[in-house]
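Here the structure comes first, spelled out in structure tokens, and everything after it is commentary.
The values are calculated or read from the model by the stated rules, or taken from the named source; none is laboratory data. In this text the structure is predicted, and so the values were computed from the model without any measurement. Neighbour counts are summed over all protein chains in view; Cβ atoms, including those assigned to glycine, are modelled from backbone coordinates with ideal geometry. For accessibility, only protein heavy atoms count, side chains too; no ligands or nucleic acids. Shrake-Rupley method; radii C 1.70, N 1.55, O 1.52, S 1.80 Å.
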Amino acid sequence: MTTENNDCNGNPCPASKLLKMLSGKWKAQIFRLALDGPLRFNSLIRQLEGSNKQAIAVALKELEEEGLFERKVIRLKPLHVEYVLSERGASMISVFQQLEGL
């Protein structure tokens, strides 16, 4: 049996929704790094000590599927990919920062 976390007005709690989207080993850390600007895959591997390519690739794909990130192909030489917060991801920043402050 599952229960929904509702606020006093019966609306779904945005914090619980965000926590569900960011569940996983690296997702919260990746989201936090995205607050500072676009992310590149290899820089994430270097910044997230103990991570591996497969785990980061899966986390980025899931964040993109959740609609929190957008994948942008930069067609300059050398060709590279950046991950940026989507409009939906940007709307979750205030909730994330409140959770971070606890």
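Hey, which of these cross-link pairs are over 19 Å Cα-Cα: LYS25/LYS53; LYS27/LYS61; LYS20/LYS61; LYS17/LYS53; LYS27/LYS53? Beyond 19 Å: LYS17/LYS53. If R0 is 41 Å, the Cβ-Cβ spacing of ALA15 and LYS77 corresponds to a FRET efficiency of close to 0.45.
Per-atom-type breakdown for the chain gives carbon and sulfur 50% of the accessible area (1.4 Å probe, protein chains only). Note that the range 46-51 has calculated 3J(HN,Hα) couplings of 6, 6, 9, 4, x, 7 Hz, one per residue in order, obtained from phi through the Karplus relation 6.51 cos²θ - 1.76 cosθ + 1.60 (θ = phi - 60°); glycine and proline are x. Per residue, the accessible area of the range 20-102 comes to 66 Å², computed with a 1.4 Å probe over protein heavy atoms only. Checking [x] 102; [y] 85; [z] 129 against volume of the Cα convex hull per residue in Å³ calculated from these atoms, the matching label is [z].
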